[in-house]
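Participant: Dropping a structure here in structure tokens format, bear with me for questions.
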Amino acid sequence: MPLTSKEKSAIWRAKIKANPELHHAYLEKEKKRREDRKATGKLKLVDELSARDRRAINKKWRKQQQDCRQRKKDQLNSPAEPLGSPQLSETSGLPLTSISAKSAWSEKSCRC
């Protein structure tokens, strides 16, 4: 079966991170890209936003942080059974697809 885009990206990132020279080159390239985007105005700093836009961004950040903390709290309060363990289906008795701990989280990473 062919690899998905997500899997290909993960392999590429692992290859880049494994080689210090390639990783350094990648970081320099991303730094230059960010500087170019700031120079052309495609990327604005929070300081450069209007008061209304700043409030909207802060509201979004607060919501994300609140969700992150709730996910962590739910994970701590969940049963002792790990997420990756197979579970049996009630109807067929066959194991259900196991869920990895990483895929249980939402698409955005939690930075709390």
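The values are calculated or read from the model by the stated rules, or taken from the named source; none is laboratory data. Computed from a prediction, not measured in an experiment: that's the story for all the values here. Quick reminder, even Gly has a Cβ in these numbers, built from the backbone with ideal geometry, and neighbours come from all protein chains shown.
For every residue, the table says whether it meets (1) surrounded by 11 or more Cβ atoms within 10 Å (Cβ to Cβ); (2) touching a residue at least 24 places away in the same chain (Cβ under 8 Å); (3) of a type in the set (Ser, Thr, Tyr); (4) not assigned by TED's automatic domain parsing to the domain that holds Trp12.
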residue	(1), (2), (3), (4)
His23	yes, no, no, no
Arg33	yes, no, no, no
Lys38	yes, no, no, no
Ala51	no, no, no, yes
Arg54	yes, no, no, yes
Gln65	yes, yes, no, yes
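Participant: Suppose the filter is under 19 Å from the mean Cα position of the chain (by Cα) and at pLDDT 95 or above; does Ala56 pass it? Spell out how you get there, then give the answer.
Facilitator: On the way: under 19 Å from the mean Cα position of the chain (by Cα): no; at pLDDT 95 or above: yes.
It is false that Ala56 is under 19 Å from the mean Cα position of the chain (by Cα) and at pLDDT 95 or above.
Participant: What about Lys102, is it at pLDDT 60 or above and under 28 Å from Ala10 (Cα atoms)?
Facilitator: No, not satisfied.
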